[in-house]
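Below is one structure, written out as structure tokens; comments come after it.
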Amino acid sequence: MSILELSGVNAYYGNSHVLFDLEMAIEENDVVTLLGRNGAGKTTTLRAITGTVPRREGHIEYRGEDISDLSVEGISQRGIKLVPEGRRIFPTLTVTENIQLAHELAAEPREIEEMFDIFPVLDELRKNRGQNLSGGEQQMLSVARALVQNPDLLLLDEPTEGLAPVIVEDLREVLGDVVERDVTVLMTEQNVDFALDLGEQAYIIDKGSNVWEGSVDDLQDREDLLDEYLSVGGAEAE
Ligand SMILES: Nc1ncnc2c1ncn2[C@@H]1O[C@H](COP(=O)(O)OP(=O)(O)O)[C@@H](O)[C@H]1O
Ligand SMILES: [Mg+2]
């Protein structure tokens, strides 16, 4: 049985209809990438899952339970955590305090020290305030804050956005470690190389509709898809 299944999901911002009968099925412990151009509906898909889009229709099943009518809180309590675009950390709190706060909010959190094992960069910056971290360090802190809450399903919205290539490489390494730890990951990306490297399964959406799904191995050879549905430059990046 899939851990998460979307069927016939539609989403709206006011009168604007942005997701059209979306279908997805995610198996437990898989790393699934949701790809698509800017504006394709990737963030909205994650918001539909977490219940934070203004209006949605259709069915979203999590471990066999229909969660489409649950509150945002109820969905979060079931173990679905979103690391939103743009890294929302507390700027005036230290790295440790940021993680502690997330830890306190969770019913069955992971150990705080485990986060410092996974993210050695953060271990060296324990007393630094969020606002003094680089973009890459903030992204790692943002992931650590979600992970310490011990999610079953971790949603990452464009984790590499705005990061320099060398930092993307660091992030790839730590996320490689994260995905070994009994957590299912659904991430959105425009960085195709990153997605192909970390992911196992991929979905491509365009204008709010499914256009392709399959393994990243199959996607690797599909330059036609990469050219047609992903951002310019993404397909030929080395
Ligand atoms: N808060 C919002 N209000 C109105 N329209 C929005 C809002 N957020 C996103 N949209 C629109 O919904 C569509 C999908 O956006 P989004 O899910 O953010 O795409 P992506 O994450 O793939 O770039 C776009 O056309 C975007 O302009
Ligand atoms: Mg987005």
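The numbers here are math on the coordinates, done by the rules we state, and not lab data. None of these values were measured; they are calculated from a predicted model. Here the Cβ is made from the backbone with ideal geometry for all residues, glycine too, and neighbour counts use every protein chain on show.
The modelled label-to-label distance for the pair residue 217/residue 21, using points 7 Å beyond Cα in the direction of Cβ, is 3.1 nm.
Stokes-Einstein, applied to the Kirkwood radius of the chain over Cα pairs at a viscosity of 1.567 mPa s and 4 °C, places its translational diffusion at 72 µm² s⁻¹. For the peptides 135-147, 37-49, the ranking by packing is 135-147, 37-49, with the highest mean count of neighbouring Cβ atoms within 10 Å listed first. According to the square roots a ≥ b ≥ c of the eigenvalues of the Cα gyration tensor, what is the shape class of the stretch 1-76, taking rounded for a/c under 1.5, prolate for a/b larger than b/c otherwise, and oblate for the remainder? In terms of gyration-tensor shape, oblate.
With a sphere of radius 12 Å drawn around the Cβ of residue 190, what net charge do the other residues whose Cβ falls strictly inside it have (Lys, Arg +1; Asp, Glu -1)? Net charge around residue 190: -4. Counting charges near residue 44 (Lys, Arg +1; Asp, Glu -1) among other residues having Cβ under 14 Å from its Cβ returns a value of 0. Under a Gaussian network description of the chain, with springs only between Cα atoms under 10 Å, the residue in 51, 64, 36 that fluctuates furthest is 64. Helix content alone sets the calculated 222 nm mean residue ellipticity of the chain: runs of n ≥ 4 DSSP H residues at -39500 (n - 2.57) each, divided across all residues, give -9500 deg cm²/dmol.
With the Cα gyration tensor of the stretch 186-231 giving a ≥ b ≥ c as the square roots of its eigenvalues, does the rule (a/c under 1.5 for rounded; else a/b larger than b/c for prolate; else oblate) give rounded, prolate or oblate? Rounded, because the longest to shortest axis ratio a/c is under 1.5. Taking a ≥ b ≥ c as the square roots of the Cα gyration tensor eigenvalues, with a/c under 1.5 meaning rounded and otherwise prolate when a/b beats b/c, else oblate, which class fits the stretch 122-167? Oblate, because a/c is 1.5 or more while a/b does not exceed b/c.
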